[in-house]
């Protein structure tokens, strides 16, 4: 695997952790100082690339290879589903532990099955999405490998148009059905395209940075403007399937491809356990928060809020990594946790 892919995945994983620490402060619109809220809004806007980059990496890695259908499904589904089921049960126990005595074993089993259909915890939505994407990879792979660059341009153009459906521009879009090109499959093809066809170099890094800054600015300003105008939080432009988030995700991906060529044993280990870190970090975060109760800081101070968010994120990320490494020592347990 290319080093930049591994490093990008590590960055995206930490970005998701940082995003989940930041999100509660974004939700406190009109409850904390406007300056502090804008800081949280800025961080949230900058970090929106995490999930799109995950999907783009899948496109870069999986679309440019050949595997028999059975081999692909067996490897991918096993790699994703087993840890997902393990951690889904862990989160189910975490949520319902205090209520076990209220239900019979049959009732608990029925509740678990119902929860598994939709997700036992909020961050697990990503697994349902990526499983849906994986089911299409054997089909999309054949197409991209036999398509010209122009044909891929055509697909991506139509996909980008669908991103505007999730913005205020939707009212200006004709009622032509273009949803066949929508959702996360576009990020899959985009990742393949950027990896295979876009040649990066240092002089272009400024352009990639502009993509990231412009996408972040559009997200930040749109969210701020709509929230202030409506006097309530409006997160329309936080949508991963929006043109502004797509733009900043492209910027991060190309910057990573250009700059993240190095490798180390630590980065390889972090990458190897990135899926496990993603699955475990929300649980870890719930146990990290209580230790901060006695850490008093002024939430109306952007500087103190920034220090708090970054500190909690780093601690959560490190503990999540160490937890996964510890569990992975058991070879029988290893396939279930990461």
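Values as computed for the structure displayed
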| quantity | calculated |
| --- | --- |
| Selection status of residue 157, surrounded by fewer than 14 Cβ atoms within 10 Å (Cβ to Cβ) and either in contact (Cβ under 8 Å) with a residue 60 or more places away in the chain or in a helix (DSSP H, G or I) (or both) | yes |
| Leading residue by the ranking (nearest to residue 273 (Cα to Cα)) among those in the range 302-338 that are assigned to a loop (DSSP other than H, G, I, E, B) and either in contact with a helix residue (DSSP H, G or I) (Cβ under 7 Å, 6 or more places away or on another chain) or at pLDDT 95 or above (or both) | 338 |
| From the options 62, 42, 47, 112, residue that is buried (at least 18 other Cβ atoms within 10 Å of the Cβ), farther than 19 Å from residue 5 by Cα, modelled with pLDDT of 90 or more and in contact with a helix residue (DSSP H, G or I) (Cβ under 6 Å, 6 or more places away or on another chain) | 42 |
| Any pair with Cβ under 6 angstrom, 6 or more apart, that starts in the range 241-261 at a residue that is within 21 Å of residue 129 (Cα to Cα) and ends at one that is not in a helix (DSSP H, G or I) | 242/167 |
| Complete set of residues in the range 125-152 that are in contact (Cβ under 8 Å) with a residue 40 or more places away in the chain and either in contact with a strand residue (DSSP E or B) (Cβ under 8 Å, 6 or more places away or on another chain) or farther than 30 Å from residue 82 by Cα (or both) | 149, 152 |
| Answer residue from the range 115-124, given it is on the phi < 0 side of the Ramachandran plot and touching a residue at least 12 places away in the same chain (Cβ under 8 Å) and is surrounded by the most Cβ atoms within 10 Å (Cβ to Cβ) among those | 120 |
| Tabulated pairs, the range 73-101, first at negative phi and in contact (Cβ under 8 Å) with a residue 40 or more places away in the chain, second in a helix (DSSP H, G or I) and exposed (fewer than 14 other Cβ atoms within 10 Å of the Cβ), C-beta under 7 angstrom, 6+ apart or interchain | 82/335 |
| Test: residue in the range 218-232 that is within 20 Å of residue 54 (Cβ to Cβ), surrounded by 15 or more Cβ atoms within 10 Å (Cβ to Cβ) and modelled with pLDDT under 95 | no |
| Single residue of the range 246-276 satisfying the filter (assigned to a loop (DSSP other than H, G, I, E, B) and within 18 Å of residue 56 (Cα to Cα)) that is modelled with the highest pLDDT | 260 |
| Which numbered condition residue 240 fails, given (1) assigned to a helix (DSSP H, G or I); (2) modelled with pLDDT of 95 or more | (1) |
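The values are calculated or read from the model by the stated rules, or taken from the named source; none is laboratory data. Computed from a predicted model, the values in this text were never measured in an experiment. Glycine gets a Cβ as well: all are built from the backbone with ideal geometry, and neighbour counts include every protein chain shown.
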